[in-house]
Amino acid sequence: MKFDIVTIFPRMVAAGLAEGVVSRGIDQGLVDVAVHDLRDYTADRHRSVDDVPYGGGPGMVMKPEPLARAVDDIRARRGAPDAVILLSPQGRRFTQAEAARLSRLEHVVLLCGRYEGVDDRVRTAVATDELSIGDYVLSGGELAALVVVDAVSRLVPGVVGDAQSVEEESFSRGLLDYPHYTRPPEFAGQRVPAVLLSGHHEEVRRWRKKTALRRTLERRPELLTSAALDDEERAMLEEIRKEQEREP
Ligand code: 9D3
């Protein structure tokens, strides 16, 4: 899986790639990330990447030509990308389903905006997609690009070392996680649930599944409407609803 990230803060992006799961994926040759300094694609003495907005108003707007030249250069040197994604607050929401879609592509370019925004002709003439990572105001697209690279790289086979973690993600797909415990058996006056110390693997499996369902129902009920539940899960949800009727 190949990513190219275009930014005016290449060191900020490089720092975010230097640790953790993505860094190991890069070291293993499973993920290839190239970071490009947008100012290398400017044509004027001041290396300008922004200009005043047509129509007036506050702030500055990112010029289209440096971004277009960067993508042309990436196409020439790294091959034609499958997607050119503009990170922007106006984009469609980046979700796990979107991460899965991108993980099936070979080559993705990520364009990071700054200032008040990017000249809209970048969206219409250069980008194939526009994505936002959520409804909060960031200072630019760099952290969003790192979020996308992290979430997508985890889905590239071999990047996440523990194959069981990936399998459990599919087990709990669309649900919140169950609670986790490690030693000591008592902390802050709270004991680890006895079932987890029992050694009964089938009971542990059922407890985790039911607890994940209960938490999802309590905290994120909207996730249950789109989750594909199996027979066991639907039966457990019914039990949980009955338990809640008894103790409201
Ligand atoms: C305070 C400025 N806002 C006026 C309504 C507009 C605005 C412009 C530029 C808000 C944020 C940004 C910079 N953000 C991004 O480039 C960005 C982003 C985000 O802010 N939130 C969630 N996802 C993303 S992806 C790129």
Since residue 95 meets every condition but one in (1) of a type in the set (Val, Ile, Thr); (2) surrounded by fewer than 12 Cβ atoms within 10 Å (Cβ to Cβ); (3) within 13 Å of the ligand (Cβ to nearest atom), which condition does it not meet? (2)
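This table checks each residue for (1) within 13 Å of the chain's Cα centre (by Cα); (2) touching a residue at least 60 places away in the same chain (Cβ under 8 Å); (3) assigned by TED's automatic domain parsing to the domain that holds residue 21.
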site	(1), (2), (3)
81	no, yes, yes
85	no, yes, yes
160	no, yes, no
176	no, no, no
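For segment 12-65, enumerate the residues that are within 16 Å of the ligand (Cβ to nearest atom), under 19 Å from residue 113 (Cα atoms) and small (Gly, Ala, Ser). Write out each step before concluding.
Applying the first criterion (within 16 Å of the ligand (Cβ to nearest atom)) to segment 12-65 yields 12-13, 16, 38, 49-53, 55-64.
Checking the rest, the ones that are also under 19 Å from residue 113 (Cα atoms) come to 12-13, 16, 38, 49-53, 57-64.
Once the filter is applied, which keeps residues that are within 16 Å of the ligand (Cβ to nearest atom), under 19 Å from residue 113 (Cα atoms) and small (Gly, Ala, Ser), segment 12-65 yields 16, 57, 59.
Return the only residue of 147, 195 being more than 16 Å from the ligand (Cβ to nearest atom), part of a helix (DSSP H, G or I), among the aliphatic types (A, V, I, L, M) and modelled with pLDDT of 95 or more.
Working: 147 fails: more than 16 Å from the ligand (Cβ to nearest atom).
Matching residue, one of 147, 195: 195.
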Which numbered condition residue 142 misses (of (1) within 16 Å of the ligand (Cβ to nearest atom); (2) out of contact with any helix residue (DSSP H, G or I) (no Cβ under 7 Å at 6 or more places or on another chain)): (2)
Near pairs, Cβ below 9 angstrom, 6+ apart or cross-chain, from segment 126-148 (assigned by TED's automatic domain parsing to the domain that holds residue 67 and among the polar types (S, T, N, Q)) to any residue that is within 8 Å of the ligand (Cβ to nearest atom) and in a helix (DSSP H, G or I): 132/144
Residue 183: under 25 Å from residue 97 (Cβ atoms) and either assigned to a loop (DSSP other than H, G, I, E, B) or out of contact with any Ser or Thr (no Cβ under 8 Å at 6 or more places or on another chain) (or both), yes or no? no
Take segment 100-132 and flag every residue that is touching an Asp or Glu at 6+ places or on another chain (Cβ under 9 Å), surrounded by fewer than 18 Cβ atoms within 10 Å (Cβ to Cβ) and hydrophobic (A, V, I, L, M, F, W, C). 105
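The values are calculated or read from the model by the stated rules, or taken from the named source; none is laboratory data. Because the structure is predicted, anything quoted here is derived from the model rather than measured. Heads up, the Cβs are rebuilt from the backbone with ideal geometry, glycines too, and the neighbour counts pull from every protein chain shown.
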